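K.L.:
Dropping a structure here in structure tokens format, bear with me for questions.
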Amino acid sequence: MNTFYSVLGNTIYLDIEVVNHSGAYLDLTGSDLSFFATSTDGSVIISKIEGDGVSVTDDEGLVTVKLDAEDTSNLTRPTNLYWDLVMINPLDEVYTVARGRLALSLPVI
């Protein structure tokens, strides 16, 4: 499980390595990727899709998720979000290929 730390209302780039249970990178060729971040009650706070916030950096398992400042600007207190990166492969099989926590703190000013 990956944990990322940032500040509410900031642009955030999450670099995620997508690996199998043996630690080898997954081949992402032809797959569609989606990113979802939820609050502790399960409400979806952020959702991104490939081409709109989710980019395959390398077909051999490297993905970058860009969260825009407005994705978290409506949150008013320090927050832990729990995220999943979901892959639908060319055979329409659905897999959660990475997951983790996004710890967001308040800005100093």
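Here, each number is a calculation from the coordinates, and none is a lab measurement. Predicted model, so just to flag it, every value in this text is computed and none were measured. Cβ coordinates were reconstructed from backbone atoms using ideal geometry, including for glycine residues, and neighbour counts include every protein chain displayed.
K.L.:
Going by the alpha-carbon gyration tensor, a ≥ b ≥ c the square roots of its eigenvalues, is region 52-109 rounded (a/c under 1.5) or, if a/c is not under 1.5, prolate (a/b greater than b/c) versus oblate? Before the final figure, lay out the partial values.
P.N.:
Working: a/c = 2.85, a/b = 2.19, b/c = 1.30.
Prolate shape, in that a/c is at least 1.5 and a/b is the bigger ratio.
K.L.:
Let's test the formula: R0 of 41 Å, r as the Cβ-Cβ distance of Leu106 and Val19. What FRET efficiency results, to the nearest 0.05? Intermediate values should be presented prior to the final figure.
P.N.:
Working: r = 33 Å, r/R0 = 0.81.
FRET efficiency, Leu106 to Val19: 0.80.
K.L.:
Evaluate the Kirkwood expression for the hydrodynamic radius of region 2-105, namely the inverse of the mean inverse distance over all pairs of different C-alpha atoms, and round to one decimal in Å.
P.N.:
Working: mean 1/r = 0.0716 Å⁻¹.
Evaluated on region 2-105, it is 14.0 Å.
K.L.:
Separate question: For the pair Thr57/Asp32, report the inter-label distance in nm, with labels modelled 7 Å from Cα in the Cβ direction.
P.N.:
Distance between the two pseudo-spin positions: 2.5 nm.
K.L.:
Among Leu14, Leu104, Ile49, whose Cα lies farthest out toward the positive end of the dipole of the chain, if unit charges sit on the beta carbon of Lys, Arg (+1) and Asp, Glu (-1)?
P.N.:
Leu104
K.L.:
Follow-up question, since we're still on this one. So how far apart, in nm, are the two label points at Ser39 and Asn74 if each is 7 Å from Cα heading toward Cβ?
P.N.:
1.0
K.L.:
Distance between Cα centroids, region 1-35 to region 93-109: provide it in whole Å.
P.N.:
After rounding, the separation between the Cα centres reads 9 Å.
K.L.:
Report ³J(HN,Hα) in whole Hz for each residue of region 30-43, in order, from the Karplus equation J = 6.51 cos²θ - 1.76 cosθ + 1.60 where θ = phi - 60°; Gly and Pro get x.
P.N.:
For region 30-43, the Karplus curve yields x, 8, 9, 10, 9, 10, 10, 10, 10, 7, 5, 8, x, 6 Hz.
K.L.:
Percent antiparallel among DSSP beta bridges with both residues in the chain, to the nearest 5? List each step's numbers first, then the result.
P.N.:
Working: 33 of 41 bridges.
Of all bridge pairs located within the chain, approximately 80 percent are antiparallel.
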